[in-house]
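All remarks here apply to the structure that follows.
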Amino acid sequence: MEAGLNPANIHIDAVDISKKCLLKAQRAIYHQYSFRGNSRSFQERYFQSTEAGSHLCEQVRCMVNFINGNLADPAFLADTPLYDVVFCRNLLIYFDVTTKERAIQVLERLVSPEGLLFVGHAEAWLLFKTQLISVRQDSVVAHRKSTTGENVRKNHHPNIQRQGFTGKNIDVVNKRQLSKKNHSQFVAQERLNVAPQNPILPIELKVNLLETARALADEGRLDEAVKLCNDYLNQNQASTEAYLLLGQVQQAMAQNERAAQSFQKAIYLQPTHQEALTHLALLKEHQGNADSANLLWQRIHRLTKDKHF
């Protein structure tokens with residue numbers, strides 16, 4: 001609507017396996033924390049202030065159709081027209097291998113030939129064996145269905161299986177940003193195919209370490225993403241976002257204990273960080289630690305309530 005699209009041409013299906021979550025979503029009542037990054041005028045255009053919180057306007061609510069369903073079911077939304085855009089962020093990392101594969105097949109089926117799929121940074125590598133290729137614009141990454149030629153090039157991409165921090169990792173950062181001396185250093189290391197020993201990073205690369213780590217995670221180069229997160233944290237020890245990304249990548253690598261520690265560090269630095277709290281709560285549930293998960297959910301609930309008041 002902000003882009004000028006006709007609301008009559010917009011239809012949204014909101015799906016969850018939990019009927020309780022669907023009922024909460026249908027109420028469409030949001031608290032202050034939900035609006036981080038949005039201007040006050042944005043809230044005033046689409047929300048009405050009530051005692052319970054900010055209530056989404058009827059015009060937007062009418063666009064949304066709520067569906068109770070299981071993404072891991074092969075028949076999920078089988079009779080539904082294909083979607084122009086599908087958002088499924090930070091869900092796949094909680095599935096086992098078999099459920100991941102089923103869910104990805106469903107997501108691939110649901111996206112139209114020219115549609116876009118959005119997943120989390122630590123989940124994009126799971127799409128390598130599909131017909132989907134990444135599409136980048138600024139810091140945003142989406143995936144669309146590839147043509148035959150594009151899929152052949154994708155399947156032969158030399159970076160997909162590479163591990164270790166080598167000179168090729170610098171492809172993620174525009175090489176024109178690097179000084180001639182440093183560029184030569186990394187090119188030489190690339191030709192020798194050896195990892196640099198304590199490389200001296202140019203200032204431009206230091207600034208982009210976290211964004212580079214996100215890009216590496218998108219490409220499935222998880223070991224390298226972890227290394228860059230740690231490199232970034234060595235220089236920015238109080239970065240909540242770095243610990244959050246590190247936890248997501250570690251969880252994608254099935255390093256759940258390390259992921260929990262990273263989420264906990266993010267929460268220590270910013271106790272009100274709802275995304276880190278939510279990741280840790282879901283991880284505790286996944287590990288079967290219901291008591292710890294419930295305490296975290298109560299904390300999240302108090303946080304949203306306090307934010308409102």
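The values are calculated or read from the model by the stated rules, or taken from the named source; none is laboratory data. Being a predicted model, the structure only gives us computed values, none of them experimental. Backbone-built Cβ (ideal geometry, glycine too); neighbour counts: all protein chains shown. Note: accessible area is taken over every heavy atom of the protein model, side chains too, but ligands, DNA and RNA are not part of it. Shrake-Rupley method; radii C 1.70, N 1.55, O 1.52, S 1.80 Å.
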| message | So, in the range 28-74, exactly how many residues are of a type in the set (Lys, Arg), more than 20 Å from residue 275 (Cβ to Cβ) and free of Cβ contacts under 8 Å to residues at least 24 places away in the same chain? | response | 2
| Matching entry among 90, 65 (being assigned to a strand (DSSP E or B) and out of contact with any Leu (no Cβ under 8 Å at 6 or more places or on another chain)) | 65
| request: With the checklist (1) part of a helix (DSSP H, G or I); (2) closer than 30 Å to residue 30 by Cβ in hand, flag the one item residue 215 doesn't pass. | output: (2)
| request: All but one of (1) within 30 Å of residue 9 (Cα to Cα); (2) at pLDDT below 90; (3) of a type in the set (D, E, K, R); (4) surrounded by fewer than 14 Cβ atoms within 10 Å (Cβ to Cβ) hold for residue 153, so report the exception by its number. | output: (1)
| said: Among (1) hydrophobic (A, V, I, L, M, F, W, C); (2) open to solvent by less than 10 Å² (accessible area, probe 1.4 Å); (3) farther than 30 Å from residue 32 by Cα, there is one condition residue 276 misses while meeting the rest; what is its number? | reply: (3)
| said: Can you confirm whether residue 292 is polar (S, T, N, Q), within 26 Å of residue 213 (Cα to Cα) and part of a helix (DSSP H, G or I)? | reply: no
| query | So, in the range 1-57, of the ones that are in a strand (DSSP E or B) and touching a helix residue (DSSP H, G or I) at 6+ places or on another chain (Cβ under 7 Å), which residue ends up most open to solvent (accessible area, probe 1.4 Å)? | reply | 16
| query | Would you call residue 83 of a type outside the set (A, V, I, L, M, F, W, C), in contact (Cβ under 8 Å) with a residue 12 or more places away in the chain and closer than 22 Å to residue 224 by Cα? | reply | no
| task | Provide a single number: the residues in the range 100-121 that are under 18 Å from residue 248 (Cβ atoms) and either part of a strand (DSSP E or B) or modelled with pLDDT of 85 or more (or both). | result | 6
| Could you count how many residues in the range 286-307 are open to solvent by 30 Å² or more (accessible area, probe 1.4 Å) and either out of contact with any Leu (no Cβ under 9 Å at 6 or more places or on another chain) or at pLDDT below 80 (or both)? | 13
| field | Candidate set: the range 79-89, residues that are under 27 Å from residue 244 (Cβ atoms) and surrounded by fewer than 18 Cβ atoms within 10 Å (Cβ to Cβ); chosen: the one modelled with the lowest pLDDT | value | 89
| field | Filtered residues of the range 119-135 (kept if farther than 19 Å from residue 223 by Cβ and within 8 Å of the chain's Cα centre (by Cα)) | value | 119
| query | With 116, 126 as the choices, which residue is within 21 Å of residue 279 (Cα to Cα) and touching a Lys or Arg at 6+ places or on another chain (Cβ under 8 Å)? | reply | 126
| said: I want to confirm something. Restricting to the range 220-250 and keeping residues that are among the acidic types (Asp, Glu) and either free of Cβ contacts under 8 Å to residues at least 40 places away in the same chain or within 11 Å of residue 122 (Cβ to Cβ) (or both), which single residue is surrounded by the fewest Cβ atoms within 10 Å (Cβ to Cβ)? | reply: 241
| note | Exception for residue 136 within (1) open to solvent by 40 Å² or more (accessible area, probe 1.4 Å); (2) closer than 20 Å to residue 13 by Cβ; (3) not aromatic (Phe, Trp, Tyr) falls at (2)
| Taking the range 60-76 as the search range and keeping residues that are closer than 28 Å to residue 217 by Cβ and of a type in the set (A, V, I, L, M, F, W, C), which one is nearest to the chain's Cα centre (by Cα)? | 71
| task | Quickly run through the range 80-94 and pick out the residues that are of a type in the set (A, V, I, L, M, F, W, C) and more than 15 Å from the chain's Cα centre (by Cα). | result | 82, 85
| note | Checked 266, 254 against criteria (at positive phi and free of Cβ contacts under 8 Å to residues at least 60 places away in the same chain); the one match is 254
